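What follows is one structure encoded as structure tokens, with my remarks underneath.
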Amino acid sequence: MNGQILAADPPSGIGVFIPADYDIIWSLVVTVVIAFFVMKYLMPKMTALLDERSAKIEGGLEHAAKVQAEADAAKATQEAELVAARQEAGRIREGAHGEGAQIVAEARTKAQAEAQRILEAAQRQIEAERTAAVVSLRSDIGSLATDLASRIVGESLTDDARQSRLIDRFLDELDETTPAEAGASVLAADSAATDSQEK
């Protein structure tokens, strides 16, 4: 039988491209079997896989939208907190400025009080030193006046009461006169001392 197939004339022309009938039949059978297995087993798995991927993508999109909404809410909350923090910082800054001004005013008041106290103490010290100087000068001037009067009179003025009255009178007159008249007062005091010695 093989010999007969071989003995047949080989196809020529367009017949070279047309397969034999048995090739077509077996190709159709194999194609139907493969299509059956593809449709029965492979397509449902592919469809399930595509559906699962689609669900994952949709879930991912929903999750991304949810995360975006949460991020927007967090951003809004953060901005509100930032505004509140800025307002609080402004209040703290104003409070600190007010407290600083109050501290400066208190320090200025204390410094002025301390300066006034120091000034008053200095004035008291000066007054005390002036009084001590006046007392010392009165004593020195009295001694000098007594010595001068003793020299002018030529006698010692040993009577303490007379000497004290003479000194007091001289100093009182000296306080009442101007510096130009002070020399005349000294002469008057000397003459009064001389008169009292003669008496």
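Projecting the Cα atoms of Tyr41, Gln78, Ala107 onto the charge dipole of the stretch 33-115 (Cβ charges, centred on the Cα centre) puts Tyr41 farthest toward the positive pole. Computed from label points 7 Å out along Cα-Cβ, the spacing between Ser54 and Ala76 is 3.4 nm. Under the simplified labelling scheme, the Val33-Arg138 pair shows an inter-label distance of 15.3 nm, with each label point 7 Å from Cα along Cα→Cβ.
Any read-out appearing in this document is the output of simple, stated calculations on the displayed coordinates, not a laboratory observation. Bear in mind that the values here come from a model prediction, so they are computed numbers and not experimental data. Every residue, glycine as well, gets a Cβ built from its backbone with ideal geometry; the counts of neighbours run over all protein chains shown.
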